[in-house]
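Some notes on the structure that comes next.
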Amino acid sequence: MDFELTAEQRAVRDLCREFAREEIAPRAAHLDRSEEFPYELVAAMGRLGLFALPFAPEVGGAGGDFISYCLALEEVARADAACAITLEAAVSLGITPMVLYATPEQRGRWLPALLAGERLWAYGLTEPGSGSDAAGLESRAEPDGEELVITGRKAFITNAGTEISAGVTVAVITGWEGSRKRISLLAVERGTPGYTVGPRYRKLGWHASDTRELAFESCRVPRANLIGTEGRGLEQFLHILEWGRVAIAALSVGLAQACLDQCLRYVPERRQFGVPIARFQATQFKLADMATQIEAARLLTWRAAALVDAGKPPGVHASMAKLHASEVATACANQAVQIHGGAGFIEDLPVARYYRDAKVGEIGEGTSEVQRILIARALLGAAVEES
Amino acid sequence: MDIAVCVKQIPDPNTPGELDPTTHRLRREGVDAVLDPGDEFGIEAGLALAEAHGGEVRVVSMGPERSVEAIRKALAMGAAGGVLVADPALVGADALTTARVLAAAIRRGPFDLVITSTESTDGYTGVVPQAIAELLGIPAVTFARSVSFDGSTLTVRRQTENGTETVEAGLPCVLSVTAGVNAPRYPSLRGIMAARSKPLDRLSLNDLDVQLGEVDQEIVRVEPAPQRKGGEVVADDGTGAQRILELLRQAKVI
């Protein structure tokens, strides 16, 4: 066993760290306050190659591995979680399904601009009535000659409504086998009549990211827009979500690290009772716990990412990484505010933003509860399956 | 145009440096090592010239084995190949030895232009570029603030003590560039992956025609730089402006 990163992984991490520190971090507070979508930073991340990072050169990728992608997400999130989720959703949810399931023709049509970060592609699974119960989705696509007609709504969708959003892959019901839904993935280009993008939600955190509700009313797309095999949508999106969990874990590690970074800057400066608060064990123990939890979360993330790189399903390790890392992020944000005292409650320092940005990590791409169900199911197997 | 760019891996300048009290050398163990940020300007200058006028950039470095990481960063930025001279006998090499080694390594390949920074961010001797030029028998154009090339002549605006001067030089020559001569590009992630397959030659002293003679330069003593005096705070009690005028006159700036 070897916990060392390769020379390339280190180079990716160092480059992303430098880029995030120089280009993203100085803009993070403004983006949070203004809720402006970071077009310039998305373009810069595109020039760096971040959107192409974990994909093979044969499909136009940069040829990096999944661990490198996780290192990149950690560093971007360390500077700004909203930029990180924009990148993560574009790569894990927008591009990955196309790389895995799209035909060469579909890839040729959409992928080059997406891999360059010039356009963004969204992924629509969640609906107003189906969140954790993802398979409970109700959006449907009825065949009509060579077209499919989509009706339904999607909720909490990232990257669908920006000026550079090119389209969305939606999970829809395309038929029934008795009482079983046939679910399929369908690509819908922006501007298709009947596809409307709602206003941006006002969110607790991730202010600069683009999150909206989507509506489909008699929205006609050609059959050729099916991504992958008709009727296999469920297993496809479960696969996509499994990889996505690892990416969200990496993002959470970055946010948790940002909390610790800020505390380490603050505690030698802040004086109480005549000494820096770094001298108090009450402070030291909090920092020691944060550092330990962050390292544990990082190693769980790398473990799951290494499985992806080895061509194995990350499965329960993805759930453990996502569960632990997202809870570590909220715990670190909580302690970071506590260490900063009143200053932590004021928006002049970044810890208040970290606190707001952390919570959604326990919700998006599978709640902590869903992760625990998956982990328990792996432990107990058939014993808990309904007869 | 074939361009050789000299680069150096140094202890991360963002971490506080420490001198070994007996050798007076910078401690390098246990400190993150990075490509000298000053070298990024030279790499960028080389890449920009090669992109505009054809040719390739080759980076040349002397240092311990782990300096390959600095070379890889240059390769990820777009350099075509790299040379590292690593040899235990070169630990603590002085400026002239460094120049001899770099010049010998440069001479192994074709070159029309050698680009360096004005000095390294750790050692600061600032004499290596000129020494390389002398050893190669070509002119040195130093402290470039801007560089242009018309296909045959380099036009360089140089930083001088009093301002700038513009000089022209034919090739081959050695060009040292100041920080700020350009805005160095980030390496790209594709570049990092591509760096894997670019040629990186590792050489030792045996591969070069360099004889290490007696020590040319020895650091005898190290003293802290004299502390600067703190400034004077002028409290404005109504005569503040007068007092500031007086101080500026004393300083002969007005």
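The values are calculated or read from the model by the stated rules, or taken from the named source; none is laboratory data. Note that this is a predicted model, so its numbers are computed, not measured. No Cβ is skipped: glycine too gets one built from the backbone with ideal geometry, and neighbour counts run over all protein chains shown.
Do we have any residue at all in the range B:234-247 that's over 25 Å from the mean Cα position of the chain (by Cα), at pLDDT 85 or above and closer than 30 Å to A:S68 by Cβ? No, the range B:234-247 has no match at all. Taking the stated definitions as given, is A:L15 in a loop (DSSP other than H, G, I, E, B), out of contact with any strand residue (DSSP E or B) (no Cβ under 7 Å at 6 or more places or on another chain) and either surrounded by fewer than 17 Cβ atoms within 10 Å (Cβ to Cβ) or at the interface with chain B (Cβ under 10 Å from one of its Cβ atoms) (or both)? When the stated conditions are applied, A:L15 does not pass them.
Looking across the range A:158-173, the residues that are touching a residue at least 60 places away in the same chain (Cβ under 8 Å), in contact with a Ser or Thr (Cβ under 7 Å, 6 or more places away or on another chain) and in a strand (DSSP E or B) come down to A:T158, A:V172. Checked against the criteria, A:A141 does not count as farther than 17 Å from A:R245 by Cα and at pLDDT below 95.
Contact map, the range B:198-220: first residue under 18 Å from B:V59 (Cβ atoms), second residue at pLDDT below 85 and surrounded by fewer than 13 Cβ atoms within 10 Å (Cβ to Cβ), Cβ cut-off under 8 Å, separation 6 or more or different chains; the map is empty.
Pairing each residue of the range B:228-246 that is β-branched (V, I, T) with any residue that is part of a helix (DSSP H, G or I), provided the two are 6+ apart or on different chains, yields C-beta distances under 6 Å for B:V234/B:G240; B:V234/B:R243; B:V234/B:I244.
Scanning the range A:265-273 finds no residues that are part of a helix (DSSP H, G or I), buried (at least 16 other Cβ atoms within 10 Å of the Cβ), outside the structural domain of A:I183 (by TED's automatic domain parsing) and not hydroxyl-bearing (S, T, Y). Residues in the range B:79-94 that are surrounded by fewer than 18 Cβ atoms within 10 Å (Cβ to Cβ), aliphatic (A, V, I, L, M) and assigned to a helix (DSSP H, G or I): 1 in all.
Kindly indicate whether any position in the range A:185-201 is crowded, with 21+ Cβ neighbours inside 10 Å, under 25 Å from A:E88 (Cα atoms) and either assigned by TED's automatic domain parsing to the domain that holds A:P97 or polar (S, T, N, Q) (or both). No, the conditions are met nowhere in the range A:185-201. Selection of the range B:109-157 for residues being within 18 Å of B:A74 (Cβ to Cβ) and free of Cβ contacts under 8 Å to residues at least 24 places away in the same chain yields an empty set. Applying the criterion of at least 3 residues that are β-branched (V, I, T) to the strands (runs of 3 or more DSSP E) found wholly in the range B:143-254 leaves B:153-159, B:164-170. May I ask you to verify whether A:E36 is assigned to a loop (DSSP other than H, G, I, E, B), more than 13 Å from chain B (Cβ to nearest Cβ) and either at pLDDT 95 or above or over 26 Å from A:R303 (Cβ atoms) (or both)? Considered against the rule, which asks whether it is assigned to a loop (DSSP other than H, G, I, E, B), more than 13 Å from chain B (Cβ to nearest Cβ) and either at pLDDT 95 or above or over 26 Å from A:R303 (Cβ atoms) (or both), A:E36 comes out as yes. Within this structure, B:V210 fails the test of being under 30 Å from B:K73 (Cα atoms) and at pLDDT 90 or above.
With respect to being among the charged types (D, E, K, R), under 16 Å from the mean Cα position of the chain (by Cα) and away from every other protein chain (no Cβ under 14 Å), B:E119 fits the description.
The condition (being within 14 Å of chain A (Cβ to nearest Cβ), surrounded by fewer than 11 Cβ atoms within 10 Å (Cβ to Cβ) and under 18 Å from B:K73 (Cα atoms)) is satisfied by just one residue among B:S197, B:S188: B:S197.
Yes/no matrix, rows are residues, columns are (1) closer than 28 Å to A:D65 by Cα; (2) among the aliphatic types (A, V, I, L, M):
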site	(1), (2)
A:L251	yes, yes
A:Q257	yes, no
A:Q272	no, no
A:I294	yes, yes
A:A304	yes, yes
A:G311	yes, no
A:P314	yes, no
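Of all residues in the range A:243-258, those that are assigned by TED's automatic domain parsing to the domain that holds A:A296 have Cβ atoms under 7 Å from Cβ atoms of residues that are of a type in the set (D, E) and modelled with pLDDT under 95, 6 or more apart or on another chain, in A:G244/A:E365; A:R245/A:E365; A:I248/A:E365.
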